[in-house]
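The values are calculated or read from the model by the stated rules, or taken from the named source; none is laboratory data. These numbers come from a predicted model, not from an experiment. Note: accessible area is taken over every heavy atom of the protein model, side chains too, but ligands, DNA and RNA are not part of it. Shrake-Rupley method; radii C 1.70, N 1.55, O 1.52, S 1.80 Å.
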Amino acid sequence: MTGQMKNVLDECLESVLAGRDTIDSCCSRYPQMEADLRPLLDVALMSHEALKTAMPDAASAAIREKIMAGTRRETSTTRRSIWSRIFDRHIFLRPIALGTGLIFLLSAGTALAATNADPDSFLYPLEQRLEGARTALTPQKLDKAQVEIAHANERLDETERMAGADKPEYIPELLTKFDSHVDSATGLAKEAVDEGEDAIQVEQGILSARERLDKVVADLNGRIPDELRDSVREAVEESDQDIPGQETESSFGGNQGSDYAPDIPGSSNGDIETHNGDSGGSGESHDSGSGGGSSEPSHQDPPASDPPHEDPPHKEPQHQETPKQNSQNSGERENIDSHNNGLHY
Amino acid sequence: MSEQRKLARLVKRARKGDTEAFGEIYDRYQGEVYAYVLHQVGTPADAEDITAGVFLDVLEKIEGFTWQGAGFAAWLFRIARNDVLDFFRRRGRKSREIALTDEILDLPVRETVEGQAETAADERVLLAAIGKLSEDQQQVVLLKLLANLSNRQVGEVVSKSEGAVKALQHRALITLRKFMEEERKKDQWKQ
(Lines give C-alpha, C1' and ligand atoms only; values in the text may rest on other atoms or scores of the structure.)
Protein backbone atom coordinates (compact mmCIF):
# COMPACT_ATOMS: atom_id res chain seq x y z
CA MET A 1 0.00 0.00 0.00
CA THR A 2 2.76 2.38 0.95
CA GLY A 3 4.61 1.62 -2.26
CA GLN A 4 1.49 2.25 -4.30
CA MET A 5 0.81 5.40 -2.33
CA LYS A 6 4.30 6.71 -3.12
CA ASN A 7 3.73 6.19 -6.83
CA VAL A 8 0.25 7.68 -6.87
CA LEU A 9 1.40 10.67 -4.85
CA ASP A 10 4.28 11.19 -7.22
CA GLU A 11 2.11 10.89 -10.31
CA CYS A 12 -0.51 13.27 -8.97
CA LEU A 13 2.03 15.75 -7.72
CA GLU A 14 3.76 15.91 -11.06
CA SER A 15 0.55 16.42 -13.01
CA VAL A 16 -0.83 18.98 -10.53
CA LEU A 17 2.42 21.00 -10.50
CA ALA A 18 2.47 20.89 -14.31
CA GLY A 19 -1.12 22.19 -14.39
CA ARG A 20 -2.46 19.07 -16.12
CA ASP A 21 -4.57 18.10 -13.12
CA THR A 22 -6.18 19.55 -10.04
CA ILE A 23 -6.09 17.97 -6.61
CA ASP A 24 -9.78 17.15 -6.99
CA SER A 25 -9.41 15.49 -10.37
CA CYS A 26 -6.46 13.47 -9.18
CA CYS A 27 -8.18 12.35 -5.99
CA SER A 28 -11.25 11.33 -7.96
CA ARG A 29 -9.10 8.88 -9.89
CA TYR A 30 -7.96 7.23 -6.65
CA PRO A 31 -10.99 7.44 -4.33
CA GLN A 32 -9.73 4.64 -2.09
CA MET A 33 -6.62 6.67 -1.32
CA GLU A 34 -8.15 10.12 -1.13
CA ALA A 35 -8.07 10.34 2.66
CA ASP A 36 -4.28 10.06 2.64
CA LEU A 37 -3.58 11.55 -0.74
CA ARG A 38 -5.43 14.85 -0.48
CA PRO A 39 -3.69 16.23 2.63
CA LEU A 40 -0.30 15.35 1.18
CA LEU A 41 -1.09 17.06 -2.10
CA ASP A 42 -2.43 20.07 -0.16
CA VAL A 43 0.73 20.39 1.84
CA ALA A 44 2.86 19.90 -1.28
CA LEU A 45 1.10 22.67 -3.16
CA MET A 46 1.26 24.96 -0.16
CA SER A 47 4.99 24.28 0.12
CA HIS A 48 5.37 24.98 -3.59
CA GLU A 49 3.84 28.43 -3.05
CA ALA A 50 5.68 29.11 0.20
CA LEU A 51 9.07 28.35 -1.28
CA LYS A 52 8.73 30.86 -4.09
CA THR A 53 11.02 33.65 -3.02
CA ALA A 54 11.82 36.21 -5.63
CA MET A 55 15.27 37.62 -5.81
CA PRO A 56 15.08 41.40 -5.45
CA ASP A 57 14.95 42.87 -8.95
CA ALA A 58 17.90 45.10 -8.27
CA ALA A 59 20.09 42.24 -7.14
CA SER A 60 19.04 40.05 -10.03
CA ALA A 61 19.79 42.73 -12.58
CA ALA A 62 23.05 43.66 -10.89
CA ILE A 63 24.31 40.08 -10.87
CA ARG A 64 23.23 39.65 -14.47
CA GLU A 65 24.93 42.85 -15.51
CA LYS A 66 28.04 41.92 -13.63
CA ILE A 67 28.26 38.53 -15.27
CA MET A 68 27.58 40.00 -18.68
CA ALA A 69 30.05 42.82 -18.14
CA GLY A 70 32.62 40.31 -17.01
CA THR A 71 32.14 38.27 -20.14
CA ARG A 72 32.22 41.30 -22.41
CA ARG A 73 35.27 42.92 -20.91
CA GLU A 74 38.51 42.37 -22.75
CA THR A 75 36.69 40.36 -25.38
CA SER A 76 36.66 42.36 -28.55
CA THR A 77 35.17 39.53 -30.57
CA THR A 78 32.22 38.96 -28.29
CA ARG A 79 28.99 40.48 -29.39
CA ARG A 80 27.51 43.30 -27.35
CA SER A 81 24.68 42.65 -24.96
CA ILE A 82 21.17 43.06 -26.12
CA TRP A 83 20.63 45.68 -23.43
CA SER A 84 23.46 47.88 -24.58
CA ARG A 85 22.17 47.63 -28.12
CA ILE A 86 18.70 48.62 -27.01
CA PHE A 87 20.00 51.58 -25.05
CA ASP A 88 22.22 52.62 -27.93
CA ARG A 89 19.35 52.50 -30.35
CA HIS A 90 16.94 54.37 -28.13
CA ILE A 91 18.92 57.29 -26.76
CA PHE A 92 16.00 58.48 -24.65
CA LEU A 93 16.30 55.29 -22.60
CA ARG A 94 19.86 56.04 -21.52
CA PRO A 95 18.94 58.22 -18.53
CA ILE A 96 16.66 55.41 -17.37
CA ALA A 97 19.49 52.95 -17.73
CA LEU A 98 21.81 55.24 -15.83
CA GLY A 99 19.32 55.77 -13.04
CA THR A 100 18.52 52.10 -12.81
CA GLY A 101 22.20 51.29 -12.78
CA LEU A 102 22.75 53.63 -9.88
CA ILE A 103 19.94 52.01 -7.95
CA PHE A 104 21.51 48.60 -8.65
CA LEU A 105 24.85 49.86 -7.47
CA LEU A 106 23.38 51.17 -4.26
CA SER A 107 21.21 48.21 -3.48
CA ALA A 108 22.89 45.11 -4.86
CA GLY A 109 24.60 42.46 -2.81
CA THR A 110 28.30 42.28 -2.28
CA ALA A 111 28.81 40.44 -5.54
CA LEU A 112 28.70 43.76 -7.31
CA ALA A 113 31.68 45.08 -5.43
CA ALA A 114 33.94 42.19 -6.28
CA THR A 115 35.57 43.88 -9.25
CA ASN A 116 39.02 45.08 -8.28
CA ALA A 117 38.83 43.39 -4.91
CA ASP A 118 42.29 42.97 -3.44
CA PRO A 119 43.64 39.62 -2.25
CA ASP A 120 42.98 40.55 1.35
CA SER A 121 39.30 41.12 0.59
CA PHE A 122 36.68 38.45 1.22
CA LEU A 123 35.39 39.29 -2.25
CA TYR A 124 38.62 38.19 -3.88
CA PRO A 125 37.42 34.63 -4.62
CA LEU A 126 34.50 36.07 -6.54
CA GLU A 127 36.85 38.38 -8.41
CA GLN A 128 39.01 35.40 -9.31
CA ARG A 129 36.06 33.47 -10.60
CA LEU A 130 34.98 36.41 -12.73
CA GLU A 131 38.42 36.37 -14.24
CA GLY A 132 38.13 32.67 -14.95
CA ALA A 133 34.77 33.25 -16.58
CA ARG A 134 36.19 36.03 -18.71
CA THR A 135 38.92 33.76 -19.95
CA ALA A 136 36.59 30.83 -20.49
CA LEU A 137 34.16 32.87 -22.54
CA THR A 138 36.80 34.42 -24.75
CA PRO A 139 36.46 32.42 -27.93
CA GLN A 140 39.75 32.93 -29.81
CA LYS A 141 43.03 31.54 -28.52
CA LEU A 142 45.00 34.73 -29.05
CA ASP A 143 42.31 36.79 -27.36
CA LYS A 144 42.31 34.30 -24.52
CA ALA A 145 46.07 34.66 -24.28
CA GLN A 146 45.70 38.45 -24.10
CA VAL A 147 43.17 38.04 -21.29
CA GLU A 148 45.65 35.82 -19.45
CA ILE A 149 48.36 38.43 -19.88
CA ALA A 150 46.01 41.09 -18.51
CA HIS A 151 45.33 38.87 -15.51
CA ALA A 152 49.06 38.32 -15.02
CA ASN A 153 49.54 42.07 -14.92
CA GLU A 154 46.69 42.36 -12.45
CA ARG A 155 48.53 39.91 -10.18
CA LEU A 156 51.53 42.22 -10.35
CA ASP A 157 49.32 45.23 -9.55
CA GLU A 158 48.03 43.32 -6.55
CA THR A 159 51.54 42.37 -5.54
CA GLU A 160 52.48 46.04 -5.52
CA ARG A 161 49.40 46.97 -3.56
CA MET A 162 49.93 44.21 -1.00
CA ALA A 163 53.55 45.26 -0.61
CA GLY A 164 52.43 48.87 -0.19
CA ALA A 165 49.82 47.85 2.35
CA ASP A 166 52.45 45.92 4.33
CA LYS A 167 50.74 42.61 3.67
CA PRO A 168 53.57 40.60 2.14
CA GLU A 169 52.06 37.28 3.15
CA TYR A 170 49.88 37.41 0.02
CA ILE A 171 52.79 37.95 -2.35
CA PRO A 172 54.09 34.38 -2.88
CA GLU A 173 50.68 33.16 -3.97
CA LEU A 174 50.19 36.17 -6.24
CA LEU A 175 53.49 35.49 -7.96
CA THR A 176 52.55 31.85 -8.39
CA LYS A 177 49.31 32.95 -9.99
CA PHE A 178 51.24 35.34 -12.21
CA ASP A 179 53.23 32.37 -13.38
CA SER A 180 50.05 30.39 -14.03
CA HIS A 181 48.61 33.16 -16.23
CA VAL A 182 51.82 33.62 -18.20
CA ASP A 183 52.11 29.90 -18.64
CA SER A 184 48.57 29.70 -19.99
CA ALA A 185 49.20 32.65 -22.32
CA THR A 186 52.35 30.99 -23.63
CA GLY A 187 50.55 27.70 -24.25
CA LEU A 188 47.68 29.42 -26.03
CA ALA A 189 50.03 31.46 -28.17
CA LYS A 190 51.90 28.32 -29.13
CA GLU A 191 48.67 26.60 -30.13
CA ALA A 192 47.63 29.65 -32.16
CA VAL A 193 50.97 29.73 -33.95
CA ASP A 194 50.68 26.02 -34.66
CA GLU A 195 47.38 26.83 -36.31
CA GLY A 196 49.05 29.44 -38.49
CA GLU A 197 48.16 32.58 -36.59
CA ASP A 198 50.42 35.52 -35.93
CA ALA A 199 51.08 35.74 -32.19
CA ILE A 200 53.50 38.65 -32.17
CA GLN A 201 51.33 40.85 -29.96
CA VAL A 202 50.92 38.08 -27.42
CA GLU A 203 54.66 37.47 -27.46
CA GLN A 204 55.26 41.13 -26.74
CA GLY A 205 52.68 41.05 -23.99
CA ILE A 206 54.35 38.06 -22.35
CA LEU A 207 57.75 39.68 -22.61
CA SER A 208 56.62 42.93 -21.07
CA ALA A 209 54.82 41.07 -18.28
CA ARG A 210 58.03 39.25 -17.46
CA GLU A 211 60.03 42.46 -17.59
CA ARG A 212 57.53 43.99 -15.26
CA LEU A 213 57.84 41.02 -12.92
CA ASP A 214 61.56 41.80 -12.66
CA LYS A 215 60.85 45.39 -11.73
CA VAL A 216 58.13 44.50 -9.25
CA VAL A 217 60.34 41.94 -7.53
CA ALA A 218 63.20 44.46 -7.43
CA ASP A 219 60.87 47.02 -5.85
CA LEU A 220 59.99 44.55 -3.12
CA ASN A 221 63.37 45.28 -1.59
CA GLY A 222 63.03 45.70 2.10
CA ARG A 223 59.35 44.82 2.17
CA ILE A 224 59.59 41.04 2.41
CA PRO A 225 60.08 39.68 5.91
CA ASP A 226 62.66 36.98 6.40
CA GLU A 227 60.18 34.19 6.81
CA LEU A 228 58.61 34.87 3.40
CA ARG A 229 61.73 35.32 1.34
CA ASP A 230 62.05 31.69 0.42
CA SER A 231 58.41 31.51 -0.61
CA VAL A 232 58.77 34.54 -2.84
CA ARG A 233 61.97 33.20 -4.32
CA GLU A 234 60.31 29.87 -5.05
CA ALA A 235 57.41 31.59 -6.75
CA VAL A 236 59.72 33.69 -8.92
CA GLU A 237 61.88 30.70 -9.75
CA GLU A 238 58.84 28.72 -10.72
CA SER A 239 57.89 31.51 -13.05
CA ASP A 240 61.37 31.52 -14.52
CA GLN A 241 61.16 27.81 -15.19
CA ASP A 242 58.45 28.52 -17.72
CA ILE A 243 60.79 30.35 -19.98
CA PRO A 244 60.50 28.36 -23.13
CA GLY A 245 63.58 27.06 -24.79
CA GLN A 246 63.59 23.39 -24.12
CA GLU A 247 60.44 21.36 -24.36
CA THR A 248 58.28 24.01 -25.98
CA GLU A 249 60.91 24.79 -28.57
CA SER A 250 60.31 28.45 -28.03
CA SER A 251 62.32 31.18 -26.48
CA PHE A 252 62.15 34.79 -25.59
CA GLY A 253 64.09 37.66 -27.02
CA GLY A 254 64.28 41.13 -25.57
CA ASN A 255 66.32 41.48 -22.46
CA GLN A 256 65.74 37.98 -21.17
CA GLY A 257 68.93 36.58 -19.93
CA SER A 258 70.36 40.00 -19.24
CA ASP A 259 72.42 40.57 -16.20
CA TYR A 260 69.46 41.98 -14.41
CA ALA A 261 68.85 39.87 -11.35
CA PRO A 262 66.98 41.66 -8.60
CA ASP A 263 67.37 40.27 -5.16
CA ILE A 264 65.71 40.50 -1.85
CA PRO A 265 67.59 41.97 1.07
CA GLY A 266 69.05 39.21 3.10
CA SER A 267 69.47 37.05 0.07
CA SER A 268 73.15 37.57 -0.23
CA ASN A 269 73.49 35.30 -3.16
CA GLY A 270 70.75 36.99 -5.11
CA ASP A 271 68.42 34.18 -4.31
CA ILE A 272 65.34 35.74 -5.78
CA GLU A 273 66.65 35.83 -9.25
CA THR A 274 64.54 36.32 -12.30
CA HIS A 275 64.80 34.64 -15.63
CA ASN A 276 67.39 32.17 -14.64
CA GLY A 277 66.26 29.88 -17.39
CA ASP A 278 66.12 26.82 -15.23
CA SER A 279 65.48 23.90 -17.48
CA GLY A 280 62.72 21.41 -17.41
CA GLY A 281 59.68 23.68 -17.45
CA SER A 282 57.26 24.04 -14.64
CA GLY A 283 55.95 20.54 -14.90
CA GLU A 284 52.50 21.83 -14.09
CA SER A 285 49.57 22.25 -16.32
CA HIS A 286 47.50 25.32 -15.80
CA ASP A 287 43.89 25.50 -16.64
CA SER A 288 43.40 28.54 -18.74
CA GLY A 289 39.88 28.88 -17.48
CA SER A 290 40.72 28.70 -13.86
CA GLY A 291 42.02 32.18 -13.44
CA GLY A 292 44.31 30.72 -10.91
CA GLY A 293 41.35 29.82 -8.82
CA SER A 294 38.88 27.00 -8.85
CA SER A 295 39.41 23.75 -10.64
CA GLU A 296 37.08 22.21 -13.13
CA PRO A 297 34.12 20.42 -11.66
CA SER A 298 32.69 17.81 -13.92
CA HIS A 299 29.09 16.80 -14.04
CA GLN A 300 29.91 14.31 -11.36
CA ASP A 301 32.32 16.29 -9.29
CA PRO A 302 31.51 19.19 -7.07
CA PRO A 303 33.05 22.50 -8.07
CA ALA A 304 36.27 23.08 -6.28
CA SER A 305 36.57 25.58 -3.51
CA ASP A 306 37.78 29.05 -4.07
CA PRO A 307 41.45 29.64 -3.72
CA PRO A 308 42.35 29.81 -0.07
CA HIS A 309 43.23 33.46 -0.23
CA GLU A 310 42.36 33.99 3.39
CA ASP A 311 45.22 31.82 4.44
CA PRO A 312 48.11 32.42 2.14
CA PRO A 313 50.79 29.86 2.45
CA HIS A 314 53.32 30.72 5.07
CA LYS A 315 56.33 28.66 4.35
CA GLU A 316 58.94 28.24 6.97
CA PRO A 317 62.23 29.74 6.00
CA GLN A 318 64.66 27.23 4.70
CA HIS A 319 68.05 28.45 5.61
CA GLN A 320 69.81 25.66 3.84
CA GLU A 321 70.32 27.54 0.67
CA THR A 322 70.41 25.61 -2.54
CA PRO A 323 71.57 28.34 -4.80
CA LYS A 324 71.15 27.96 -8.47
CA GLN A 325 74.51 27.31 -9.92
CA ASN A 326 75.63 30.37 -11.77
CA SER A 327 77.38 28.28 -14.34
CA GLN A 328 74.19 26.41 -15.02
CA ASN A 329 72.21 29.61 -15.16
CA SER A 330 74.60 31.24 -17.52
CA GLY A 331 74.38 28.21 -19.73
CA GLU A 332 70.61 28.50 -19.81
CA ARG A 333 70.87 32.16 -20.51
CA GLU A 334 73.03 31.47 -23.47
CA ASN A 335 70.37 29.21 -24.73
CA ILE A 336 67.81 31.96 -24.28
CA ASP A 337 70.01 34.64 -25.74
CA SER A 338 70.64 32.56 -28.77
CA HIS A 339 66.97 32.96 -29.65
CA ASN A 340 66.80 36.66 -29.37
CA ASN A 341 64.00 37.24 -31.80
CA GLY A 342 60.91 36.77 -29.74
CA LEU A 343 58.98 33.55 -29.34
CA HIS A 344 59.71 30.79 -31.76
CA TYR A 345 57.45 27.82 -31.98
CA MET B 1 9.65 24.38 -30.66
CA SER B 2 9.56 22.51 -27.36
CA GLU B 3 11.04 24.05 -24.22
CA GLN B 4 13.64 21.34 -24.15
CA ARG B 5 14.78 22.06 -27.68
CA LYS B 6 14.86 25.79 -27.00
CA LEU B 7 17.00 25.15 -23.97
CA ALA B 8 19.27 22.83 -25.92
CA ARG B 9 19.81 25.52 -28.53
CA LEU B 10 20.48 28.14 -25.88
CA VAL B 11 23.03 25.93 -24.20
CA LYS B 12 24.66 25.16 -27.52
CA ARG B 13 25.00 28.87 -28.26
CA ALA B 14 26.29 29.59 -24.77
CA ARG B 15 28.88 26.84 -25.12
CA LYS B 16 30.20 28.64 -28.18
CA GLY B 17 30.67 31.79 -26.12
CA ASP B 18 27.44 33.59 -27.01
CA THR B 19 26.95 35.84 -23.99
CA GLU B 20 23.39 36.72 -24.91
CA ALA B 21 22.44 33.07 -24.87
CA PHE B 22 24.04 32.81 -21.48
CA GLY B 23 22.04 35.84 -20.39
CA GLU B 24 18.85 34.07 -21.42
CA ILE B 25 19.86 31.01 -19.44
CA TYR B 26 20.52 33.25 -16.45
CA ASP B 27 17.14 34.93 -16.80
CA ARG B 28 15.45 31.57 -17.04
CA TYR B 29 17.00 30.00 -13.96
CA GLN B 30 18.19 32.78 -11.68
CA GLY B 31 14.94 32.98 -9.69
CA GLU B 32 14.84 29.28 -8.93
CA VAL B 33 18.54 29.08 -8.15
CA TYR B 34 18.33 32.10 -5.84
CA ALA B 35 15.33 30.71 -3.96
CA TYR B 36 16.97 27.27 -3.73
CA VAL B 37 20.10 28.83 -2.25
CA LEU B 38 18.28 31.29 0.00
CA HIS B 39 16.21 28.58 1.63
CA GLN B 40 19.42 26.84 2.62
CA VAL B 41 21.77 29.66 3.61
CA GLY B 42 19.12 31.85 5.17
CA THR B 43 20.37 35.33 4.33
CA PRO B 44 19.55 37.22 1.12
CA ALA B 45 23.02 38.78 0.82
CA ASP B 46 24.73 35.38 0.98
CA ALA B 47 22.16 33.94 -1.40
CA GLU B 48 22.87 36.71 -3.92
CA ASP B 49 26.60 36.12 -3.77
CA ILE B 50 26.27 32.36 -4.05
CA THR B 51 23.82 32.72 -6.93
CA ALA B 52 26.31 34.92 -8.75
CA GLY B 53 28.98 32.31 -8.05
CA VAL B 54 26.77 29.51 -9.37
CA PHE B 55 26.31 31.27 -12.70
CA LEU B 56 29.99 32.09 -12.88
CA ASP B 57 30.68 28.41 -12.34
CA VAL B 58 28.23 27.60 -15.10
CA LEU B 59 30.00 30.10 -17.36
CA GLU B 60 33.31 28.47 -16.69
CA LYS B 61 32.10 24.91 -17.11
CA ILE B 62 29.47 25.16 -19.81
CA GLU B 63 32.01 24.50 -22.52
CA GLY B 64 32.46 21.01 -21.09
CA PHE B 65 28.77 20.34 -20.50
CA THR B 66 27.35 17.41 -22.44
CA TRP B 67 23.75 16.34 -22.74
CA GLN B 68 24.08 13.23 -20.69
CA GLY B 69 22.16 12.04 -17.68
CA ALA B 70 19.32 14.22 -16.49
CA GLY B 71 20.06 17.32 -18.59
CA PHE B 72 21.00 20.91 -18.05
CA ALA B 73 18.76 21.80 -15.08
CA ALA B 74 20.13 18.90 -13.05
CA TRP B 75 23.67 19.91 -13.95
CA LEU B 76 22.96 23.52 -12.95
CA PHE B 77 21.39 22.61 -9.61
CA ARG B 78 24.18 20.19 -8.86
CA ILE B 79 26.57 23.11 -9.21
CA ALA B 80 24.27 25.19 -7.00
CA ARG B 81 24.17 22.47 -4.37
CA ASN B 82 27.92 22.12 -4.41
CA ASP B 83 28.36 25.87 -4.09
CA VAL B 84 26.04 25.90 -1.09
CA LEU B 85 27.97 23.02 0.49
CA ASP B 86 31.17 24.88 -0.23
CA PHE B 87 29.73 27.95 1.47
CA PHE B 88 28.94 25.91 4.58
CA ARG B 89 32.36 24.32 4.49
CA ARG B 90 34.05 27.72 4.40
CA ARG B 91 31.90 28.88 7.28
CA GLY B 92 32.67 25.71 9.20
CA ARG B 93 29.02 24.92 9.60
CA LYS B 94 26.72 22.12 8.65
CA SER B 95 23.89 23.04 6.34
CA ARG B 96 21.21 21.85 8.74
CA GLU B 97 22.23 24.40 11.33
CA ILE B 98 21.17 27.51 9.48
CA ALA B 99 18.57 26.42 6.98
CA LEU B 100 15.49 28.60 6.85
CA THR B 101 16.50 31.25 9.32
CA ASP B 102 14.32 33.85 10.90
CA GLU B 103 15.47 36.22 8.20
CA ILE B 104 13.40 34.27 5.68
CA LEU B 105 10.56 33.63 8.08
CA ASP B 106 10.40 37.34 8.86
CA LEU B 107 9.78 38.27 5.25
CA PRO B 108 6.69 40.50 5.08
CA VAL B 109 3.40 38.71 5.45
CA ARG B 110 0.71 39.62 2.98
CA GLU B 111 -2.22 40.81 5.02
CA THR B 112 -4.44 42.52 2.55
CA VAL B 113 -7.29 40.08 2.84
CA GLU B 114 -8.11 37.95 5.83
CA GLY B 115 -7.84 34.67 3.91
CA GLN B 116 -4.52 35.65 2.40
CA ALA B 117 -3.12 36.54 5.79
CA GLU B 118 -4.04 33.09 7.01
CA THR B 119 -2.39 31.48 4.01
CA ALA B 120 0.74 33.52 4.53
CA ALA B 121 0.87 32.47 8.17
CA ASP B 122 0.51 28.83 7.10
CA GLU B 123 3.32 29.32 4.63
CA ARG B 124 5.58 30.61 7.37
CA VAL B 125 4.78 27.59 9.49
CA LEU B 126 5.52 25.38 6.49
CA LEU B 127 8.85 27.05 5.85
CA ALA B 128 9.80 26.46 9.46
CA ALA B 129 8.73 22.83 9.09
CA ILE B 130 10.78 22.37 5.92
CA GLY B 131 13.75 23.64 7.88
CA LYS B 132 13.28 20.76 10.30
CA LEU B 133 13.25 18.00 7.68
CA SER B 134 16.25 15.75 7.25
CA GLU B 135 18.79 17.13 4.82
CA ASP B 136 17.89 14.63 2.11
CA GLN B 137 14.18 15.29 2.52
CA GLN B 138 14.82 19.02 2.43
CA GLN B 139 16.77 18.69 -0.80
CA VAL B 140 14.00 16.68 -2.43
CA VAL B 141 11.37 19.18 -1.34
CA LEU B 142 13.41 22.14 -2.60
CA LEU B 143 14.38 20.55 -5.87
CA LYS B 144 10.93 19.13 -6.65
CA LEU B 145 8.58 21.74 -5.27
CA LEU B 146 10.69 24.81 -5.81
CA ALA B 147 12.89 24.02 -8.80
CA ASN B 148 10.30 21.73 -10.45
CA LEU B 149 12.87 19.07 -11.27
CA SER B 150 11.78 15.57 -12.19
CA ASN B 151 12.60 12.62 -9.93
CA ARG B 152 15.38 11.65 -12.28
CA GLN B 153 16.87 15.14 -12.17
CA VAL B 154 16.55 15.33 -8.39
CA GLY B 155 18.23 11.95 -8.16
CA GLU B 156 21.08 13.22 -10.27
CA VAL B 157 21.57 16.26 -8.04
CA VAL B 158 21.48 14.37 -4.75
CA SER B 159 23.05 11.14 -6.06
CA LYS B 160 20.06 8.95 -5.31
CA SER B 161 17.86 6.63 -7.33
CA GLU B 162 14.45 7.74 -8.56
CA GLY B 163 12.86 5.27 -6.15
CA ALA B 164 14.75 6.79 -3.25
CA VAL B 165 13.63 10.27 -4.31
CA LYS B 166 9.97 9.16 -4.35
CA ALA B 167 10.35 7.64 -0.89
CA LEU B 168 12.01 10.78 0.49
CA GLN B 169 9.29 12.93 -1.03
CA HIS B 170 6.57 10.78 0.52
CA ARG B 171 8.14 10.83 3.98
CA ALA B 172 8.83 14.57 3.77
CA LEU B 173 5.22 15.39 2.90
CA ILE B 174 3.92 13.17 5.70
CA THR B 175 6.21 14.97 8.15
CA LEU B 176 5.09 18.37 6.89
CA ARG B 177 1.44 17.39 7.13
CA LYS B 178 1.87 16.21 10.72
CA PHE B 179 3.70 19.39 11.59
CA MET B 180 0.92 21.51 10.12
CA GLU B 181 -1.74 19.54 11.98
CA GLU B 182 0.09 19.98 15.27
CA GLU B 183 0.45 23.71 14.66
CA ARG B 184 -3.24 24.00 13.92
CA LYS B 185 -4.10 22.14 17.12
CA LYS B 186 -1.88 24.53 19.07
CA ASP B 187 -3.66 27.48 17.50
CA GLN B 188 -7.03 26.03 18.40
CA TRP B 189 -5.89 25.63 22.00
CA LYS B 190 -4.76 29.25 22.12
CA GLN B 191 -8.15 30.38 20.85
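Data for the structure
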item: Nearest-10 value in Å² for the accessible area of residue A:21, using the 1.4 Å probe; result: 30 Å²
item: Solvent-accessible ranking of B:75, B:67, B:189, largest area first, probe 1.4 Å; result: B:189, B:67, B:75
item: Accessible area (Å², 1.4 Å probe, nearest 10) - residue A:2; result: 90 Å²
item: Among the listed pairs B:160/B:186; A:167/A:190; A:6/B:132; B:16/B:144; A:6/B:144; B:6/B:61, those beyond 25 Å (Cα-Cα); result: B:160/B:186; A:167/A:190; B:16/B:144
item: Shielded residues, region B:50-92 - accessible-area loss of 40 Å² or more between chain alone and all protein chains, probe 1.4 Å; result: B:52, B:56, B:59, B:60, B:61, B:75, B:78, B:82, B:86, B:90
item: Per residue convex hull volume, Cα atoms of region B:33-78, in Å³; result: 57 Å³
item: Buried on assembly, region B:115-164 (at least 50 Å² less accessible surface than by itself, 1.4 Å probe); result: B:123, B:126, B:145
item: Cubic angstrom per residue, convex hull over Cα atoms of region A:152-213; result: 55 Å³
item: Area buried, chain A against chain B - accessible surface, total, 1.4 angstrom probe, square angstrom; result: 5300 Å²
